[in-house]
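None of the figures in this text is laboratory data; all of them are computed from the coordinates on show. Just so it is clear, the structure is predicted and the values come from calculations on it, not from any experiment. Reconstructed Cβ throughout: ideal geometry from the backbone, glycine too, with neighbour counts over all protein chains shown.
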Ligand code: HPA
């Protein structure tokens, strides 16, 4: 269904997290396929998640952009979360950048920071390898050469890039202060409701993966303030320019 509508073979793909969807405007001559027209494709109900597959060139590289994603809490079915990764793998994608909005746990972080994910803690307790031939995964989940490219681009463009461990939870509730403290003691720097299962499956399917979090807020208890979804999407759109520079600069070097 998808191949019939596109005239390029995308080499790289990016998943855009909450509030980061406007990056898709960087694509020249886009072909847009609405996810609700694709047979079996799960659709998002979350504000700030559009639900488009966008094919086109980012600089000179044939790219697929997933504008928006479906979270586990929207369906309760891990296969809907993993569906875009299977689509990417079937289309021959070999490299992916997975982005998200996350709450900052590391006390040196502030809203608007970008964090390169070094590694992850998966607290979703879901099996990302369901319906695959692989039963376990032994390689590092995050590709070190892609991480190095992102660090170099940040350095050249003078973008202040944090690094840390991302902890994935199911949501949809934000964590309690006690849960944030637990997650911090486990060694995480940021927490969010996506990414970990996607990254695990992508790596298992032989896709090289890198991931960047936009720290949209400080987690509950780190700062004594009530947290809202608007805050998350507002901060994400504030860092749009820096995010775009880092992402487009890195992705053209990924191939
Ligand atoms: N917690 C979990 N997910 C999030 C947060 C948070 O504080 N901010 C953005 N996504």
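Brief remarks follow.
- GNM result for the chain, Cα springs below 10 Å: residue of 167, 43, 214 fluctuating most strongly: 43
- Computed extension gain for residue 7 through residue 133, at 0.36 nm per residue and net of the alpha carbon distance, reaches 42.3 nm.
- Exposure proxy order (Cβ contacts within 10 Å, fewest to most) of 18, 26, 145: 145, 26, 18
- Most simply put, the chain has about 35% antiparallel DSSP beta bridges, counting only bridges with both residues inside it.
- Largest-first ellipsoid semi-axes for segment 2-116, taking √(5λ) over the Cα gyration tensor eigenvalues, angstrom: 24, 18, 13
- Note on residue 28 and residue 228: the extension gain reaches 68.6 nm, defined as 0.36 nm multiplied by sequence separation minus the Cα-Cα distance.
- Angle in degrees between helix 240-254 and the longest Cα principal axis of the chain, rounded to the nearest 10: 50 degrees
- By the Cα gyration tensor, segment 77-213 has an equivalent ellipsoid whose semi-axes, rounded to whole angstrom, run 24, 20, 12 from largest to smallest.
- Cβ-to-Cβ counts within 10 Å put 247, 61 in ascending order as 61, 247, the fewest first.
- Rg [Å, one decimal], Dmax [Å, integer] - the chain, C-alpha atoms: 16.9, 51
- The stretch between residue 73 and residue 36, if pulled fully straight at 0.36 nm per residue, gains 11.5 nm over its current Cα-Cα span.
- Peptides 190-203, 64-77, 125-138, ordered by how many other C-beta atoms sit within 10 Å of their residues on average, highest first, read 190-203, 64-77, 125-138.
- Cα-projected label distance for residue 144 with residue 90, points at 7 Å along beta-carbon direction, nm: 3.5 nm
- Rounded to the nearest 500, the 222 nm mean residue ellipticity of the chain from helices alone is -8500 deg cm²/dmol, with -39,500 (n - 2.57) taken per DSSP H run of at least 4 residues.
- Note on the chain: GNM, Cα springs under 10 Å; of 156, 215, 27, the largest mean-square fluctuation is that of 156.
- Alpha carbon convex hull of segment 137-255, volume per residue in cubic angstrom: 120 Å³
- Each Cα pair under 8 Å and six or more residues apart adds its sequence gap; the mean of these over the residue count of the chain is a relative contact order of 27 percent.
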